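Data block below; observations after.
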Amino acid sequence: MEKTEHKGKPFLEIFASTLQEDYRFPILELFTFLYTLGTFIFVSFQTYGGVTNEQVAYTMVTSLMGFPIFIFIILIFKNIAYGLGNDLEKGTIQTFFSYPLKRRSILTAKLLSAIVVALLIFLGIQISALYLLAPDIISNYIGTVLLTYSANIGYSLFLAAVLLLMTLKVKRGGLALVFGIILYFAIGVVNGILTVIAFVTGSAWPIQIIAVINPALALQQHYFSTGLAGSWTPSFNEVLWYVGGAFALVAVMFSISYVYFCRRLSL
Amino acid sequence: MSRWTVLVGRIGTVLMSVGLALLLISLIPAREQTYSAYGSTLQPSRFFFSGPSFMLNPQRGIRVAVNSSDELTIYLVQSNYSYISNWLYNNTPAGDYSRMWKTSMLEAFFGNHSDIISYLRNITGEVEFEYIPTMVEQAVLVFANYGNATVTYRSQISMINLVAPSRKMLMTAEIVIPIGLVLSAPWFISFWKEKQEKR
């Protein structure tokens with residue numbers, strides 16, 4: 001018990017200090033404002049002939065989080081690349097190493113602030129918005145809502161994990177941020193190329209490849225099979241596998257980052 | 001400045017920024033699409049449909065303005081004209097189709113279709129109401145005369161296209177902003193005092 005208390009305080013110290021650094025006034029307020037504005041401005045209940053309420057729930061959640069998830073990615077990119085990257089570049093992280101804590105706890109405190117807090121704000125606003133806009137859709141199709149969020153957040157966390165690895169490798173804030181932006185657009189371009197291949201060949205595999213890192217595509221095919229990937233319409237269970245696979249990939253990426261940070265990182 | 005003051009203060013400022021965003025959204029005006037007014041007469045114990053069915057959702061509501069000479073009951077039913085009229089046609093007893101538009105048949109229809117009424121209101125004179133659903137639903141307007149006198153009425157339907165339900169937004173902003181102000185006040189005061197001391 002005493003040992004836990006002894007370790008808990010330095011952990012909270014680092015967490016509090018990182019929080020203060022990541023969310024300086026008025027950064028947090030500005031991002032929250034953008035989250036809220038984006039959530040309500042871009043929401044759509046666009047319906048087409050014969051669309052089921054489940055598809056409407058999916059469309060609504062996708063439109064609701066479209067812009068805010070972009071803001072969420074910017075925020076975690078800033079926190080990881082600029083926050084952690086600058087700590088590594090300027091050597092501030094050495095101060096944290098002097099605390100009676102293992103390196104993995106230091107990285108956990110950093111990631112809690114950089115990703116988990118940003119995610120909590122994002123989800124807090126999104127869930128409140130869903131209940132404010134369409135409580136009946138949410139209560140009736142909670143499975144669809146949760147799966148849509150998981151699929152989209154999985155991809156964002158994958159980007160965050162790749163950026164974290166890059167940041168640890170290059171140890172420079174600005175450079176890591178540039179890498180992050182390039183990564184975001186590069187994946188977008190690759191996505192586009194594979195989609196064109198799927199369209200031209202009528203084959204499902206290019207879309208299936210993207211769906212491994214971005215399961216939101218599998219979910220989109222499940223609800224609205226676009227004909228881009230031939231007749232590939234994954235079942236709900238298949239989509240669950242894609243989402244599970246994406247999260248497993250994210251877990252592996254973060255584990256590699258932890259191992260690198262704990263054993264290989266030299267300053 | 002204690003960490004609790006900072007934490008509570010920042011929660012307050014976050015609530016204020018959420019409230020301000022909601023306030024801004026609530027100021028975006030709704031776009032209205034008004035259909036031409038329609039007038040009719042309803043015999044006692046008869047009902048009538050308002051014409052086409054509409055597809056409503058939380059961003060697309062309906063506003064109805066009615067002026068009636070006597071008491072009239074208005075229903076907003078989650079169905080469409082063809083479904084209801086087919087049901088009435090198939091369920092009119094012994095092919096007596098003169099009874100098809102009797103309020104007793106409407107009651108029988110409602111008895112067979114639970115939870116189908118989205119909105120119900122008894123009106124007399126000039127009344128205006130608005131309905132914005134919380135999910136996607138079909139809607140058809142039904143006027144029923146349960147009284148003993150013939151009723152003359154005139155109705156005008158407008159579709160309201162909103163970015164978000166502005167009343168809810170405004171109400172939430174009105175709650176969230178003052179809470180945010182109260183929570184952040186001690187932090188702002190400490191912040192200001194610290195600045196003054198530094199000077």
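Plainly put, region B:53-199 has a radius of gyration that is 1.29 times its Kirkwood radius, both from alpha-carbon atoms, as the Rg/Rh ratio.
Residue by residue along A:126-134, Cβ atoms of other protein chains within 10 Å of the local Cβ number 4 on average.
Binning the alpha carbon pair distances of region A:2-264 at 5 angstrom intervals from zero yields the distribution 1, 6, 12, 15, 17, 16, 13, 9, 6, 4, 2, 1, 0, expressed in whole percent. Against the empirical curve 2.2 N^0.38 Å, the C-alpha radius of gyration of region B:13-107 lands at a ratio of 1.62. Cβ-to-Cβ counts within 10 Å put B:PHE188, B:PHE143, A:PHE122 in ascending order as B:PHE188, B:PHE143, A:PHE122, the fewest first. Projecting the alpha carbon convex hull of region A:51-136 along each direction and taking the average yields 7.1 nm². A straight Cα-to-Cα reach below 13 Å connects A:LYS171 with the aspartates and glutamates A:ASP87, A:GLU89, residues fewer than 8 places away in its own chain not being considered. Over chain A, dividing the summed -39,500 (n - 2.57) contributions of all DSSP H runs of at least 4 residues by the number of residues returns a 222 nm mean residue ellipticity of -25000 deg cm²/dmol. This model, with +1 at the C-beta of Lys and Arg and -1 at the C-beta of Asp and Glu, gives chain A a dipole about its Cα centre of some 1080 debye. For the protein assembly as shown, taking the reciprocal of the average inverse distance between every pair of different Cα atoms yields a Kirkwood hydrodynamic radius of 26.2 Å. When the charge dipole of region A:2-264 is built from unit charges on Cβ atoms (+1 for Lys and Arg, -1 for Asp and Glu) and taken about the Cα centre, the candidate among A:LEU130, A:LEU12, A:LEU101 whose Cα reaches farthest toward its positive end is A:LEU101. Entry note, chain B: the mean residue ellipticity at 222 nm calculated from DSSP H runs of n ≥ 4, each adding -39500 (n - 2.57), is -13500 deg cm²/dmol after division by the residues and rounding to the nearest 500. Projecting the Cα atoms of B:VAL64, B:SER155, B:ASN86 onto the charge dipole of chain B (Cβ charges, centred on the Cα centre) puts B:VAL64 farthest toward the positive pole.
Using alpha carbons only, the radius of gyration of region A:195-267 set against its Kirkwood radius gives Rg/Rh = 1.20. Among the chymotrypsin sites (Phe, Trp or Tyr not before Pro) within region B:24-53, those in coil by DSSP and having at most 16 neighbouring Cβ atoms inside 10 Å are B:TYR35. Summing Cβ point charges (Lys, Arg +1; Asp, Glu -1) relative to the Cα centre of region B:31-162 gives a dipole of roughly 200 debye.
Any read-out appearing in this document is the output of simple, stated calculations on the displayed coordinates, not a laboratory observation. Fair warning: this is a prediction, and the values are worked out from it, not measured in the lab. Backbone-built Cβ (ideal geometry, glycine too); neighbour counts: all protein chains shown.
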